[in-house]
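Asks: Sharing a structure below in structure tokens format, with a few things to ask.
The values are calculated or read from the model by the stated rules, or taken from the named source; none is laboratory data. This structure is a prediction, so every number in the text was calculated from the model and none was measured. Methodologically, a virtual Cβ is constructed for each residue, glycine included, from the backbone with ideal geometry; neighbour enumeration extends over all protein chains shown. Heavy atoms of the whole protein, side chains included, go into the accessibility calculation; ligands, DNA and RNA do not. Shrake-Rupley method; radii C 1.70, N 1.55, O 1.52, S 1.80 Å.
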Amino acid sequence: MPTTAIAHSNIALLKYWGKQDGPGNRPDTPSLSITLGALTTTTTVEEADADALQLDGRPVHDAKIERALADWRRDYPIGPLAISSRNDFPTAAGLASSASGFAALATAIDAHCGLRLSDGERSAMARRGSGSAARSIHGGFVALAAPDWRGEAVLAPDAWPLAVVVAITAPEPKAVSSTVGMDRSKATSPYYPAWGATADADFEAMKAAVGQRDFDALGELAEASFLKMHALMLSSRPALIYWRGASVECLRAIRELRADGCRVFATMDAGPQVKAVCVPDDAERVEAVLKDIPGVVRTLRSGLGGGARVADS
Ligand code: PMV
């Protein structure tokens with residue numbers, strides 16, 4: 001009998017960019033994310049003679065997934081698997097498809113192979129595939145921090161409903177993967193030490209803002225975090241420039257909306273998409289503005305969602 005699990009993508013409001021040396025795929029710095037209910041990966045696993053992978057209906061080889069399977073098999077009894085995974089949003093375009101993908105895969109394998117992992121263990125398993133995947137095990141607001149580097153639920157999705165409008169400016173996969181990009185930044189950006197030195201204070205401040213449901217403080221910290229991360233990217237050699245012209249226009253529009261009373265702030269990841277986080281009442285207005293910006297090919301809207309789970313059969 002096949003086993004199906006679903007997981008939602010997440011976006012970090014406090015970013016991680018850079019990994020620790022050694023095994024385990026641990027981030028260098030803490031992060032804090034929101035899980036996006038409308039961006040979903042559905043993954044089915046079943047026994048097979050040899051590993052086989054289908055992504056969005058097509059047979060593929062995926063080095064990252066093959067590496068994760070080999071790594072997990074060192075610790076868990078996982079036989080050969082036919083894996084079939086579908087995203088209902090563009091893959092590998094800075095919408096964290098690896099986060100929902102590895103969270104769904106770890107959840108499906110845990111249930112299918114009877115591993116009986118705790119949420120924390122499943123989060124660590126997902127993290128070994130992709131750092132941000134550790135956070136998609138949980139819903140709502142999720143922290144990923146030392147010493148365990150397992151996602152921890154900070155606030156349930158309905159405790160502070162927020163909306164996210166994603167402005168897609170280029171749907172194709174990004175040119176430089178986040179793993180390659182962050183290694184490059186760590187090795188070459190002169191700002192990397194400053195990034196590490198300010199991370200813990202930023203994390204504590206953001207946790208406090210979430211605890212107090214302080215939208216203005218959250219927005220200020222989130223914008224500072226993604227811009228600091230992109231400063232690392234821009235100062236890497238060779239430079240990592242993920243932005244498109246339309247990305248900058250979206251950022252400008254979000255500032256204008258805010259000056260006009262809208263409760264909205266921006267964040268971006270290792271890609272050209274702009275994510276506008278806002279109070280639900282302002283989502284329609286934010287989407288109407290972003291949709292009309294030249295170069296925005298489509299917008300998506302999401303509320304906060306729950307954690308990774310086995311799907312009802
Ligand atoms: O999950 P990874 O290792 O591919 O890295 C994700 C990196 C960012 O999305 C840019 C930031 C983050 O904290 O999610």
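Asks: Distances over 15 Å make up what percent of all Cα-Cα pairs in segment 1-57? Intermediate values should be presented prior to the final figure.
Replies: Numbers: 1088 of 1596 pairs.
That fraction is 68 percent.
Asks: Please report, to one decimal in angstroms, the Kirkwood hydrodynamic radius of segment 262-309 built from all distinct Cα-Cα pairs.
Replies: Evaluated over segment 262-309, this radius sits at 12.0 Å.
Asks: On to the next question. Please report, in whole Å³, the volume per residue of the convex hull around the C-alpha atoms of segment 156-218. Walk me through the intermediate numbers first.
Replies: Working: hull volume 9.9 nm³, N = 63.
Convex hull volume per residue, Cα atoms: 157 Å³.
Asks: Take the chain, connect every pair of alpha-carbon atoms lying under 10 Å apart with a spring to form a Gaussian network, then pick out the residue of R58, R184, R127 with the largest mean-square fluctuation.
Replies: Checking each option, the largest mean-square fluctuation is seen for R58.
Asks: Could you tally up the Lys pairs in the chain with alpha carbons closer than 30 Å? Skip any pair fewer than 8 positions apart unless they're on separate chains.
Replies: 29
Asks: Along the positive direction of the dipole of the chain (beta-carbon charges: Lys, Arg +1; Asp, Glu -1; about the Cα centre), which of T169, V274, V180 reaches farthest?
Replies: V180
Asks: May I have the extent of the alpha carbons of segment 191-238 along their three principal axes, as whole Å values ordered from largest to smallest?
Replies: Principal-axis extents of segment 191-238 (Cα, largest first): 40, 17, 8 Å.
Asks: Helix-derived [θ] at 222 nm for the chain: sum -39500 (n - 2.57) over DSSP H runs of at least 4, divide by residue count, nearest 500?
Replies: That comes out to -11500 deg cm²/dmol.
Asks: Additional query: Ignoring solvent entirely, what values of log10 I(q)/I(0) come out of the Debye formula for segment 34-93 at 0.13, 0.14, 0.16, 0.23 Å⁻¹ when each Cα is a single scatterer?
Replies: -0.40, -0.46, -0.59, -1.03
Asks: I need the Debye-formula profile for the chain: one equal scatterer per C-alpha, no solvent, reported as log10 I(q)/I(0) at q = 0.12 1/Å, two decimals.
Replies: Here log10 of I(q) over I(0) equals -0.76.
Asks: What is the pair-distance distribution P(r) of segment 145-295, computed from all Cα-Cα distances in 10 Å bins starting at 0, with each bin given as a whole percent?
Replies: All Cα pairs considered, the percentages come to 10, 35, 37, 18, 0.
Asks: Bin width 5 Å, alpha-carbon pairs only: give the P(r) of segment 1-137 as whole percents, running from 0 to the bin holding the largest distance.
Replies: 2, 11, 21, 26, 20, 13, 6, 1, 0
Asks: Kirkwood Rh, Cα Rg: Rg to Rh for segment 114-154? Write down the numbers at each step before the final one.
Replies: Working: Rg = 9.3 Å, Rh = 9.9 Å.
Looking at segment 114-154, the ratio lands at 0.94.
Asks: Also, quick follow-up: Share of the chain's accessible area from carbon and sulfur, percent, 1.4 Å?
Replies: Working: 6900 of 13270 Å².
About 52 percent, which is the carbon plus sulfur part of the accessible surface.
Asks: Check V274: other-chain or 5+ apart residues with amide H under 5 Å from its amide H, H built from backbone geometry?
Replies: Sorted by chain and number, the residues that satisfy this are A167, T169.
Asks: Which whole-number percent gives the relative contact order of the chain, counting Cα pairs below 8 Å spaced six or more residues apart? Kindly include the intermediate steps, with their values, before the conclusion.
Replies: Details: 703 pairs, mean separation 79.9, N = 313.
The value is 26 percent.
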